[in-house]
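The values are calculated or read from the model by the stated rules, or taken from the named source; none is laboratory data. Bear in mind the structure is a predicted one, so any value in this text is a computation, not a measurement. Here the Cβ positions follow ideal geometry from the backbone for every residue, glycine too, while neighbour counts run over all protein chains shown.
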Amino acid sequence: MDDRAAEAGAAEVFKGDLGALTVAESVRLADSTPPGHPVRPGNLEALAALLVERYESTQEVEAVRLAVELIRESAATTPPDDPARARRLSWLGVCLRLKWECGGGVADLHEAVDIGRRSTRAAPLGHPFHVMCLANSGNTARSRYEALGDADDLAAAIAAFEGAIAAAPEGHDDLSAHHNNLGVALQARFDRTGDIADADRAIAEGRLAVDGVSGDHPRFGEFLFSLAGSLLARFERTGAIADLDDAIRLGRAAVEATTDGHAYKPERLAQLSMALRLRYVRKGLAHDADAAVAAGRAAAAAVPPGHAFRSAILSSASSAFLSRYETTHAAGDLDTAIRYGTETLEAMPEKHPGLSKSQANLVGMLVSRYARDGVVNDLNKAIKLGRQASENDLVDAVSRTSLLFNLGSALRGRFLRTRAVTTKQQAAAAYTQAAKDPQAAPSLRIAAARSAAALLADTDAARAAALLEKAVLTLPETTARNLRRADQEHALVTQGSDLACDAAALAMAGRPGEEQGAKALGILELGRTVLLSQALDVRSDLADLRRHHPALADRFTALRDQLDVNDSDASLEQVTFTEGVRLHGRPVGNDARNRLAEEFADALDVIRAQEGFETFGRPPAPEELLAVAEPGPVAVFNVSRYRSDALVLTSSGVATLPLPALGRKEVVRRTASFHAALRQATTGTSGRERRAAQKALGQTLEWLWDSAVSPVLDLLGHTRQRADDEKWPRVWWAPGGLLGQLPLHAAGYHTEPVMGVGRHTAMDRVVSSYTPTVRALRYARRRAAPTARARALAVSMPTTPGLPGGGRLRHVGPEVAALARHVPDLVLLSGPAEWGGPEPAPPADRAPTKAEVLLHLPSCPIAHFACHGLTDPDEPSSSRLLLMDHERDPLTVAGLAPVHADAVQLAYLSACHTAVSHAPRLMDEAIHLASAFQLIGFPRVIGTAWEVDDQIAAAIAGDFYARLRLPQQRVDTGRSAHALHEAVRDVRDRFPGTPSLWASFLHVGA
């Protein structure tokens, strides 16, 4: 190692088998050169270097202690004017640092720092050992920071490493080591302050270190370990899974490159354990948990008592056992975690930088054991330790939030046991402090706000509402654009799907009115469909920007498009137009995404600095949302644990409508029974079972009418059945959350006799459309044209590879033939099968593959898909249309993100599950194929909520297109909602008691 090996010329004095060079033999060799002899200082230096190598390989502490004595004499007996004096002083500092590291006192560390400073003064710029002295001085300063937490030491270390890099000549042998040292110090500063720029820079320096050496370099394992640590630190802040996977890959390589018994093997095992544990928490793979525990246990067993890194290594082992316990609930794992956690604190100096983090961890573990066993002593210990630690002035900013959160949990446990109001207030105060810490990770701030609000909601709803509103405003921080879509979705999952619902409900607590309703609507607009809204805000109409600032528009769209390319969709060639980053046909690496995200943010700042573009890419103002309701009202539902309401947006304002019968538990129960009945309707083994299922579906539709839809229509004055020749009013439904699993447009009593004001159903009073949010509807309206050229892309899949029996859809042929009658200018992509229709099949242009679809989609105003659809409840962005190549290159929600189509108007997704998401904790995100087609430019989308009958789907599609056709090769896409309503209503009239056949079809958008 560069700071632990003397110059090669001195080391040449002693050669031989390092393992045979015992401490006693080293003493004999040292004595072989008498004091005063001119070569003695160099020989002592060489011996010290060999002893350091012996320590690293064997952890023999006596080797380090002797090295200190030898190098101290070597430096003291070197003349002041000898250039080697600076080097030997520097080496003395290194050896003193190692002595402290393996159990020496803090006085050794203080002396090491002082000696390091003397060496740098003795080797100014231009001195042959200037770079070496700077680097070694930086390492001793960083070590003292790690031991005592003085930020001045860390700043001195960073400055020393930067100076060493600046002074090192190009191609210098130790340049990689200096980059590594700087990366480690920057990561330490990131751990202290949470500044993500330090994490990014630490990783960049670490990559320079690894890339600058070969695999057989003696420090290769160390460089891998350091880079893995920086990647791991960034993952913990951002949640980017690519960073974590890289950290594990590099961490394993670092461990493999380190021999058993090596002094640094334990800490490399400990870091690998930490990374494996975090991936287990993220992905739930049992083998990761077991591997994390094994590595943590091995690290703890290998690190000797008194070692400077013992506390950190024990902490890592503790975390591994705790994480496995949280899934398996094996009592022994939690007890072992607490034992290691306690030993961690015992091994730490009083001012250790990691002390507050370890205290926070132990508080959390004691609370967990109290929840398991109910032993009050654990709770009392947790509260005492948490209070002591939080009052410590030396607690770092990042750890303070975890500490306060866990203290709040401990106090909450005591409150639930004693019901003491004072304890409740103390718990809420601790949570609130954690929620307000701007340096903490957004996810932890949100969790703290939710916990505080839950305690305060019944006594101080206004304060609880303010906390949750701030948490909603924090949500976009968890889904930064540099994260891949899967990472963004996971971040939202961890926050819970009801955050915005609870915040909006509490905002209306007390006296609901128009002002509170507008505030609640604003909260829902920010907290629902976070990812969709983020995309919509930067896909605003670029016409004005292109007209006034074409170069800015080009740069903006190039950066936006590059970030939209999903790493799983390799079939789309990825080209970036930003200077310095050229990525063709391969996934965008995490570091490149970070740079692109920074450039994108800079581009937005430049655009917003232009006159007239101050709000470019920002959410619409409240008055702009009101304008959305001019063509018809928007009913936004909010179902929460606190209350349920409809917020009805009209051009004159927001009306609030309490819905006490739409309780959260009842919605959960009704949704579950509805979907169970859907399954029974198709899989029932007897006609009696299927009829019972249809009756159950009808009962849910009747409950939905009474509890949700009828009150809204009454408020709007839609209280009677419309005649066919009347002008029908429109209503847009924004159900949100779990309510979006139920067909609001089909609510009502469909089998009752027609009397008086007519049927009590939504379908007989209004034309219904859906929108995820008001912002999404605004986006669709701005892109919608009343009519379109009669040219369509038709994707026909009569059979599907990989499905049982070929997944035959026998009525796809007639469905596409009907489309061809009304829209003769047709691009047909058809899979192999007999046509099966009464008319000749139109000739297919190409096979229906993903590439062909994406090629033709932007140039066809109408797109019709007659195929199977698949929704993915675990990763909703992987929901897909099943084309010919779906097994190797699927057309997914995420795969549509990079597509931009300006001339499109209508997408008809005649496939199953295309307009609903079944991801339990991402219900508010509306991640499904219908919203994906809206995002790429289609202002109107026809989709389905569940599996549909092939024959019924063909009949509805044929009727739908017949109602849209205009003369002169035009189609009235502006009537798409009416056309679908009429086509579905006709089927309903034929089968009123079989809602599974017709209630699935719905219209989304303008």
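Restricting attention to segment 719-753, the residues that are over 26 Å from Leu526 (Cα atoms) and buried (at least 20 other Cβ atoms within 10 Å of the Cβ) add up to 4. The criterion of being surrounded by fewer than 19 Cβ atoms within 10 Å (Cβ to Cβ) and either of a type in the set (Ser, Thr, Tyr) or under 24 Å from Ala294 (Cβ atoms) (or both) does not hold for Arg207. Looking only at residues in segment 146-204 that are under 30 Å from the mean Cα position of the chain (by Cα) and small (Gly, Ala, Ser), which one is surrounded by the most Cβ atoms within 10 Å (Cβ to Cβ)? Restricting to residues being under 30 Å from the mean Cα position of the chain (by Cα) and small (Gly, Ala, Ser), the top hit is Ala185. For Leu552, state whether it is within 28 Å of Asp605 (Cβ to Cβ), buried (at least 21 other Cβ atoms within 10 Å of the Cβ) and at pLDDT 70 or above. No; evaluated as a whole, the condition is false for this residue.
Among the residues of segment 726-743, is any in contact (Cβ under 8 Å) with a residue 60 or more places away in the chain, aromatic (Phe, Trp, Tyr) and out of contact with any strand residue (DSSP E or B) (no Cβ under 8 Å at 6 or more places or on another chain)? The answer is no; no qualifying residue exists. Residue under question is Ala289, and the condition is that it be out of contact with any Asp or Glu (no Cβ under 8 Å at 6 or more places or on another chain), in a helix (DSSP H, G or I) and modelled with pLDDT of 90 or more; does it hold? Considered against the rule, which asks whether it is out of contact with any Asp or Glu (no Cβ under 8 Å at 6 or more places or on another chain), in a helix (DSSP H, G or I) and modelled with pLDDT of 90 or more, Ala289 comes out as yes. The criterion of at least 1 residues that are surrounded by fewer than 23 Cβ atoms within 10 Å (Cβ to Cβ) and aliphatic (A, V, I, L, M) is met, among helices (runs of 4 or more DSSP H) falling completely within segment 874-986, by 929-936, 950-964. I'd like to know if segment 644-660 contains one or more residues that are assigned to a loop (DSSP other than H, G, I, E, B), over 30 Å from Ala553 (Cβ atoms), polar (S, T, N, Q) and touching a residue at least 60 places away in the same chain (Cβ under 8 Å). Within segment 644-660 (the criterion being assigned to a loop (DSSP other than H, G, I, E, B), over 30 Å from Ala553 (Cβ atoms), polar (S, T, N, Q) and touching a residue at least 60 places away in the same chain (Cβ under 8 Å)), the answer is no, since none of the residues qualifies.
Selection of segment 954-1006 for residues being of a type in the set (A, V, I, L, M, F, W, C) and free of Cβ contacts under 8 Å to residues at least 24 places away in the same chain yields Ala979, Phe991.
Residues in segment 987-1006 that are part of a helix (DSSP H, G or I), over 42 Å from the mean Cα position of the chain (by Cα) and small (Gly, Ala, Ser): 0 in all. Selection of segment 424-444 for residues being modelled with pLDDT under 90 and among the basic types (Lys, Arg) yields only Lys436. When segment 661-695 is filtered for residues that are buried (at least 16 other Cβ atoms within 10 Å of the Cβ), free of Cβ contacts under 8 Å to residues at least 24 places away in the same chain and more than 37 Å from the chain's Cα centre (by Cα), the ones remaining, listed by number, are Gly684, Arg690. In the set (1) over 30 Å from Ser769 (Cβ atoms); (2) part of a helix (DSSP H, G or I); (3) at pLDDT 70 or above, the condition left unmet by Ala627 is number (1). Just to be sure, is Ala505 under 25 Å from Ala629 (Cα atoms), in a helix (DSSP H, G or I) and modelled with pLDDT of 80 or more? Here the answer is yes, as Ala505 does meet what is asked. Could you please let me know if Arg778 is more than 27 Å from Ala672 (Cα to Cα), among the basic types (Lys, Arg) and touching a helix residue (DSSP H, G or I) at 6+ places or on another chain (Cβ under 9 Å)? Answer is yes for this residue.
Of all residues in segment 896-918 being more than 24 Å from the chain's Cα centre (by Cα) and small (Gly, Ala, Ser), which is farthest from Gly737 (Cα to Cα)? Among those residues, the one meeting the criterion is Ala903.
Scanning segment 643-654 for residues being modelled with pLDDT of 90 or more, over 13 Å from Gln516 (Cβ atoms) and either surrounded by fewer than 22 Cβ atoms within 10 Å (Cβ to Cβ) or more than 33 Å from the chain's Cα centre (by Cα) (or both) gives a total of 1. Just one residue in the set Ala457, Ala447 is farther than 28 Å from Glu350 by Cβ and in contact with an Asp or Glu (Cβ under 9 Å, 6 or more places away or on another chain); that residue is Ala457. Does Ala337 meet the test of being within 21 Å of Leu250 (Cα to Cα) and buried (at least 22 other Cβ atoms within 10 Å of the Cβ)? So Ala337 does not fit the description; no. Candidates are the residues of segment 233-277 that are among the polar types (S, T, N, Q) and in a loop (DSSP other than H, G, I, E, B); the one that is surrounded by the fewest Cβ atoms within 10 Å (Cβ to Cβ) is Thr259. Within segment 347-389, being among the polar types (S, T, N, Q) and out of contact with any Lys or Arg (no Cβ under 7 Å at 6 or more places or on another chain) holds for Ser358, Gln359, Asn361, Ser368, Asn377, Asn380, Gln388. Quick one: is Gly126 over 41 Å from the mean Cα position of the chain (by Cα) and over 26 Å from Glu267 (Cα atoms)? Judged against the criteria, Gly126 is a match. From the list Ala67, Ala107, the one residue that fits, being of a type in the set (A, V, I, L, M, F, W, C), buried (at least 20 other Cβ atoms within 10 Å of the Cβ) and assigned to a helix (DSSP H, G or I), is Ala67. Right, Thr700: farther than 30 Å from Glu623 by Cα, assigned to a helix (DSSP H, G or I) and touching a residue at least 12 places away in the same chain (Cβ under 8 Å) or not? Answer is yes for this residue. Residues that are modelled with pLDDT of 85 or more, under 24 Å from Pro967 (Cα atoms), out of contact with any strand residue (DSSP E or B) (no Cβ under 8 Å at 6 or more places or on another chain) and assigned by TED's automatic domain parsing to the domain that holds Pro967 do not occur anywhere in segment 825-845. Residues in segment 139-164 that are in a helix (DSSP H, G or I) and within 18 Å of Glu350 (Cβ to Cβ): Ser143, Arg144, Tyr145, Glu146, Ala147, Leu148, Ala151, Asp153.
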